[in-house]
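What follows is one structure encoded as structure tokens, with my remarks underneath.
The values are calculated or read from the model by the stated rules, or taken from the named source; none is laboratory data. Predicted model only: the values in this text are computed from it and were never measured. Cβ coordinates were reconstructed from backbone atoms using ideal geometry, including for glycine residues, and neighbour counts include every protein chain displayed. We work out accessible area using only protein heavy atoms, side chains counted, and drop any ligands, DNA or RNA first. Shrake-Rupley method; radii C 1.70, N 1.55, O 1.52, S 1.80 Å.
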Amino acid sequence: MMGLYFELQYAIARTFMTKIISLTSILDDIYDAYGSYEELEIFTKAIHKWDINCIDQLPDYMKLWYSKTLKVYKDMEDLMSKEGKPYRVQYAIEAAKWFHGNYISTKEEYMPIALLSCGYLQLAIASFVGMEDGITKETFNWAANEPKIIRASNIICRLMSDIAGHNVEQERGHVSSAVECYMKQYGVSMQEAYDELNKQINEAWKDINEEFLKPTAAPTSALIRILNLAKVIDLLYKGEDAYTQVGDSAKTSIT
């Protein structure tokens, strides 16, 4: 979490985001590896309702995640309420409700859902919750409308993850990735798909740089959180899936 916030004043934000990222990682596994289609339909509806009364409808392994998640957000909402900023957690909850995946066949159709399912928008909005007073309702509204810097960071997250995990994910029969979609849609080789997607990643980094070069509707401290999330993704997925396999790049970066 130090990659996202290293500043001392963000202790509350770091604690909250550590919990959110851990829960998001488990959620990703529930959707990708554990849940049946029928279970996930019920689970998704429960997330949209965001109501502890829904818990009895869920399988046992989903109940634990659901109860812990609602508690983490409720605890943070109570804390923010004492500071007169409960709206911040409401924005984070709405972003969390959007976070679930699906299967789409072509790259153009795949990407809007895939960008949502990687959870980047949810994490970006949640990262603002515990920050200073300069982060206002306008900042959350700006982020919720997915400005260029968030879209670019989202692309980096999705495409780097898809490239790094492509071979392993296909071996285990995972749903389509951007690599598979591009190969099938354009009839190209795996390496050609990698090359094209890496070009798109480079363009996304240029978009991030551009957003720092002109005035925006968001404070610089908010832009830095979005940039730092992208830098963490770059560390974890450059040349390997160091998030799933906990590779050398992750181990050597922890000091």
>> Tell me whether the range 209-216 contains one or more residues that are touching a helix residue (DSSP H, G or I) at 6+ places or on another chain (Cβ under 8 Å) and among the aliphatic types (A, V, I, L, M).
In response: no
> Pick from Asp56, Asp28: which is acidic (Asp, Glu), within 24 Å of Ala144 (Cα to Cα) and outside the structural domain of Ile135 (by the TED database)?
Replying inline: Asp28
> Of all the helices (runs of 4 or more DSSP H) wholly in the range 44-122, which have at least 2 residues that are modelled with pLDDT of 90 or more, open to solvent by less than 30 Å² (accessible area, probe 1.4 Å) and out of contact with any His (no Cβ under 8 Å at 6 or more places or on another chain)?
Replying inline: 60-82, 87-97
> So is Val179 β-branched (Val, Ile, Thr), at pLDDT below 90 and either in contact with a strand residue (DSSP E or B) (Cβ under 8 Å, 6 or more places away or on another chain) or open to solvent by less than 30 Å² (accessible area, probe 1.4 Å) (or both) or not?
Replying inline: yes
>> I'm trying to understand the selection: among the residues of the range 190-233, which are over 20 Å from the mean Cα position of the chain (by Cα) and within 14 Å of Ile163 (Cβ to Cβ)?
In response: Met190, Gln191, Glu192, Ala193, Tyr194, Asp195, Glu196, Lys199
> Which pairs do you get when a residue that is at positive phi, found in the range 114-127, comes within reach of a residue that is open to solvent by 10 Å² or more (accessible area, probe 1.4 Å) and modelled with pLDDT of 80 or more, reach meaning Cβ atoms under 7 angstrom, with the pair 6+ apart or on two chains?
Replying inline: Gly119/Thr24
> Among the helices (runs of 4 or more DSSP H) contained in the range 186-255, which hold 2 or more residues that are at pLDDT 75 or above and more than 22 Å from Ser127 (Cβ to Cβ)?
Replying inline: 190-211
> Does Leu40 satisfy being assigned by the TED database to the domain that holds Glu83, under 27 Å from Gly130 (Cβ atoms) and not aromatic (Phe, Trp, Tyr)?
Replying inline: no
> Within the range 124-176, restricting attention to residues that are open to solvent by 50 Å² or more (accessible area, probe 1.4 Å) and among the basic types (Lys, Arg), which residue is modelled with the lowest pLDDT?
Replying inline: Arg172
> Do any residues in the range 61-89 that are in the same structural domain as Thr24 (by the TED database) and without any contact (Cβ under 8 Å) to a residue 60 or more places away in the chain have Cβ atoms under 9 Å from those of residues that are in a loop (DSSP other than H, G, I, E, B) and open to solvent by 70 Å² or more (accessible area, probe 1.4 Å), where the two are at least six apart or on different chains, and which pairs are they?
Replying inline: Glu83/Asp133; Lys85/Asp133
> Of all residues in the range 3-36, how many are among the β-branched types (Val, Ile, Thr), touching a residue at least 24 places away in the same chain (Cβ under 8 Å) and open to solvent by 60 Å² or more (accessible area, probe 1.4 Å)?
Replying inline: 3
